[in-house]
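K.L.:
There's a structure below that I have some questions on.
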Amino acid sequence: MAASSSKVEEKSIPVQETQDEDDIGDVVSISHLHRTLNHRQIQLIAIGGSIGTGLFVSIGYGLIEGGPGSLFIAFTMYSVWLASVNNSMAEMATFMPVAGGWVRMATHWVDEAFGFMLGWNFLLYELCLIPFEISALNLVLTFWRDDIPVWAVCLACTILYGLLNIFAVKWYGESEFWLASGKVLLILIVFCFTFITMVGGNPKHDAYGFRYWRDPGSFAEYVTTGSLGRFQGYLAALFQAAFTIVGPEYLSMVAGEAINPRKTIKSAFKATYMRYGIFFIGGALCCGIVVPYNDAGLIAKLNGDGSGTGAASPYVVAMSNLGIEVLPDITNALLVTSIFSAGNSYVYCSMRSLYAMSMDGHAPQFFTKCNKNGVPIYAFVVPMLFSLLSFLSISSGSAKVITWLANLTQASQMINYIGMSIVYLFFYRALKVQGISRNTLPYKGYLQPFCGWFGLCTMVFTVIMYGYTTFLPGWWNTGTFFSYYTMVFVALVTYSGWKVAKKSKRVKAHEADLVWERPLIDAYEASLVGDLSKGFWDDCAKDLGLRKRRHVVEDSIEMNSMGS
């Protein structure tokens, strides 16, 4: 194993023999961040970060372009593809739960230029989506009335995001716990709605079952006709899945602020497979059951003025077709919480990624400054400034700028996953060369390194093929082309630019720093005596006062890894 090149400073502060779980992070901080996110919060952050309005509204595009059969197959297939990336990321994040996740791992295990590129790719993606989500929230509110002041919603969202992210990370975790609970409730509602209505529990007493899979059919034609058209319909559904199904990046980002990370993060990553199976594959199945792909109302809503509201949701369209009232309002209300939660996650992740980049010298050093609550105070200012761009939505013409920015960063998501897979393959090789058995790791991924290669190949395929329609005869559109591939060009420029300017070299397997922050994390976990949490329900019981929440900390230490 390569010796760590960094010096680890340890400072003793007064010992506190008995500690409340919520205060552990105030006693032990790594990289100035405080580890205060518990098991309960992290599990819901994982759900909140992976489930957005795409599962309830945008999924309709996949249905009308591909049909229910293509939608189901595409979501199942992409869930398997992303699960392979999750498998790789889980092994690395539990081994080295550091601030910045895979972005900093890329710097230490692959190449500084690669870490620089991944950091700015992720940061720009998150920042551009903040004003986009606020604008989307404004649009969703028009489901009820269109005289709500746009500026008031923009101001309220900006203030709330600021309050939830400036004081302490545990408040962000608590807010995401309840907001993500709304998403889970919405999923349960649409699942129950699908089952009850398909067996005849609706005002029309129509037991329609899988009727729409037979008429108009399971596979829609897209772009062309015949077998090729149906295959292109499947590709359209697959690319919709690619922007609906997410997850590993958000868990990786919170690893640096998790209590007892090698236990809580491991558990959250393992639960991700179940979420893919139930939420995304189940959601695709339900969507194809409740409404036909050629439904005129659905097509009109998705392509018309209601495309950004709950009215464009396949479920709301189905409710209207069946004459069901109230449920559409509940669905739209929960969509409001879903969108707000997404924006909240983007604010958090952009702060932490900017902070992590500054630690490695890929952003100005002053962004490492944290307040007494462990919040990167200067990094906090940047997403707040981007949230102010949402005020452009006051003018219909200026609002296009926000949509344009969000569209330009579309490929960033797949670039993140490509980066994770590459980092893992370098990590795997370093372990092998340095003689470290993977059996000694806190979490050992399945079928490695084949799973890592599989994830890499499928994500490269997705990002290359995503914009293939622009190259078809009669389909060329310059704006559409750049919305598909701008971030690919940005990634190449940032990587090459750093490579040339700094003359960085690829990290050789025997030189990869597999020590890094391990002594800090090991010392932190060793200082925790007793089982802090027995799982999600144990944390819930403690917070409800049903179980006693006390544990002992042997030593109170502050560990600073700024020199890493």
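K.L.:
Could you pull out every residue, at least 5 positions away or on a different chain, whose amide H is within less than 5 Å of the one on CYS370? Hs are placed 1.01 Å off N in the peptide plane, and Pro or chain starts have none.
P.N.:
Hits under the 5 Å cutoff: ILE377.
K.L.:
Got the relative contact order for the chain handy, in percent, Cα pairs under 8 Å and 6 or more residues apart?
P.N.:
35
K.L.:
Accessible area per residue of the range 280-377 at 1.4 Å probe, in Å²?
P.N.:
Numbers: 2880 Å² over 98 residues.
Per-residue value: 29 Å².
K.L.:
Further question on the same structure: Between ILE464 and THR478, with labels modelled 7 Å along Cα→Cβ, what's the label distance in nm to one decimal, could you check?
P.N.:
Taking the two extended label points, one gets 2.7 nm.
K.L.:
While we're here: Could you tell me which of rounded, prolate or oblate describes the range 134-188, using a ≥ b ≥ c as the square roots of the eigenvalues of the alpha-carbon gyration tensor, with rounded for a/c under 1.5 and, failing that, prolate when a/b is larger than b/c and oblate otherwise? Let's see the in-between values first.
P.N.:
Working: a/c = 4.04, a/b = 1.29, b/c = 3.14.
Cα axes put the range 134-188 in the oblate bin.
K.L.:
Then there is this: Dipole of the chain, Cα-centred, from +1 at each Lys and Arg C-beta and -1 at each Asp and Glu C-beta, to the nearest 20 debye?
P.N.:
Numbers: 39 positive and 40 negative charges, 231 e Å.
The dipole magnitude comes to about 1100 debye.
K.L.:
Right, another one. With an 8 Å Cα cut-off and a minimum separation of 6 or more residues, compute the relative contact order for the range 380-518 in percent. If you can, show how the numbers build up before the last one.
P.N.:
Details: 85 pairs, mean separation 45.4, N = 139.
Relative contact order here is 33 percent.
K.L.:
Here is a further query. In degrees between 0 and 90, to the nearest 10, how far off the longest principal axis of the chain does helix 226-242 point, with axes built from Cα atoms?
P.N.:
40
K.L.:
Full extension from HIS205 to LYS508: what is 0.36 nm times the residue separation minus their Cα-Cα distance, to one decimal in nm?
P.N.:
Numbers: separation 303, 0.36 × 303 = 109.08 nm, distance 6.67 nm.
The span from HIS205 to LYS508 would gain 102.4 nm if fully extended.
K.L.:
From the square roots a ≥ b ≥ c of the eigenvalues of the alpha-carbon gyration tensor of the range 247-298, which class results: rounded (a/c under 1.5), prolate (a/b over b/c), or oblate?
P.N.:
Details: a/c = 6.16, a/b = 3.13, b/c = 1.97.
Prolate shape, in that a/c is at least 1.5 and a/b is the bigger ratio.
K.L.:
Follow-up. Quick one: what are the phi-derived ³J(HN,Hα) couplings along the range 130-147, Karplus 6.51/-1.76/1.60 with θ = phi - 60°, whole Hz, x for glycine and proline?
P.N.:
Residue by residue, the range 130-147 yields 5, x, 4, 5, 5, 5, 5, 5, 4, 5, 5, 5, 6, 4, 9, 7, 10, 10 Hz.
K.L.:
5 Å is the cut-off here: which amide hydrogens, built 1.01 Å from N in the peptide plane, fall below it relative to ASP111, excluding neighbours closer than 5 in sequence?
P.N.:
VAL507
K.L.:
Might you tell me the accessible area per residue for the range 438-520, computed with a 1.4 Å probe and given in Å²?
P.N.:
On the way: 4740 Å² over 83 residues.
It amounts to 57 Å² per residue over the range 438-520.
K.L.:
Taking the Cα atoms only, what angle lies between the long axis of helix 327-359 and the longest principal axis of the chain, rounded to 10 degrees?
P.N.:
30
K.L.:
Another question, then. How many percent of the accessible area of the range 169-262 is carbon or sulfur, using a 1.4 Å probe? Intermediate values should be presented prior to the final figure.
P.N.:
Values: 2420 of 3650 Å².
Answer for the range 169-262 is 66 percent, counting heavy atoms of protein chains only.
K.L.:
Hey, another quick one. Counting Lys and Arg as +1 and Asp and Glu as -1, what is the net charge of the other residues whose Cβ lies under 15 Å from the Cβ of ALA237? Write down the numbers at each step before the final one.
P.N.:
Values: positive: ARG230; negative: GLU65, GLU221.
Summing Lys and Arg as +1 and Asp and Glu as -1 gives -1.
K.L.:
For the range 368-378, in order, what is each residue's ³J(HN,Hα) by Karplus, 6.51 cos²θ - 1.76 cosθ + 1.60 with θ = phi - 60°, in whole Hz (x at glycine and Pro)?
P.N.:
Rounded to whole hertz, the list is 7, 5, 10, 7, 5, 8, x, 9, x, 5, 6.
K.L.:
Give me the angle, in degrees from 0 to 90, between the Cα long axis of helix 39-50 and the longest principal axis of the Cα atoms of the chain, rounded to the nearest 10.
P.N.:
Around 40 degrees separate the two axes.
K.L.:
Right, here's the next one. Excluding PHE95 itself, calculate the net charge of residues whose Cβ lies under 12 Å from the Cβ of PHE95, where each Lys or Arg counts +1 and each Asp or Glu counts -1. Please list the in-between numbers first.
P.N.:
Working: positive: ARG262, LYS266, ARG438, LYS444, ARG518; negative: GLU91, GLU517, ASP522.
Counting the neighbours of PHE95, the net charge comes to +2.
K.L.:
How large, in percent, is the carbon and sulfur part of the accessible surface of the range 354-511 at a probe radius of 1.4 Å? All intermediate terms of the calculation are to be shown ahead of the outcome.
P.N.:
Values: 5440 of 7920 Å².
Ligands and nucleic acids excluded, carbon and sulfur give 69 percent.
K.L.:
How large is ³J(HN,Hα) for each residue in the range 254-269, as worked out from phi by the Karplus curve 6.51 cos²θ - 1.76 cosθ + 1.60 (θ = phi - 60°), to whole Hz, x for Gly and Pro?
P.N.:
Taking θ as phi minus 60°, the curve returns 8, 4, x, 10, 8, 5, 6, x, 5, 9, 5, 5, 4, 4, 5, 5 Hz for the range 254-269.
K.L.:
Shape verdict for the range 39-509, please, from the Cα gyration tensor: rounded (a/c under 1.5), prolate (a/b greater than b/c) or oblate.
P.N.:
Prolate, since a/c reaches 1.5 and a/b exceeds b/c.
K.L.:
What is the extension gain from ASN439 to SER227, computed as 0.36 nm multiplied by their sequence separation minus the C-alpha to C-alpha distance, in nm to one decimal?
P.N.:
Numbers: separation 212, 0.36 × 212 = 76.32 nm, distance 4.73 nm.
Computed gain between ASN439 and SER227 is 71.6 nm.
K.L.:
Considering only Cα-Cα distances, which of the following residue pairs are longer than 19 Å: LYS263/LYS444; LYS432/LYS508; LYS266/LYS508?
P.N.:
Details: LYS263/LYS444 13 Å; LYS432/LYS508 12 Å; LYS266/LYS508 28 Å.
Flagged as over cut-off: LYS266/LYS508.
K.L.:
Let me cross-check GLU511: its accessible surface, 1.4 Å probe, with only protein heavy atoms counted, in Å² to the nearest 10?
P.N.:
100
The values are calculated or read from the model by the stated rules, or taken from the named source; none is laboratory data. As the structure is a prediction and not an experimental result, all values here were calculated from the model. A quick note on method: Cβ atoms are made from the backbone with ideal geometry, for glycine too, and the neighbour counts reach across all protein chains shown. Accessible surface is based on the protein model in full, side chains and every heavy atom, while ligands, DNA and RNA are left aside. Shrake-Rupley method; radii C 1.70, N 1.55, O 1.52, S 1.80 Å.
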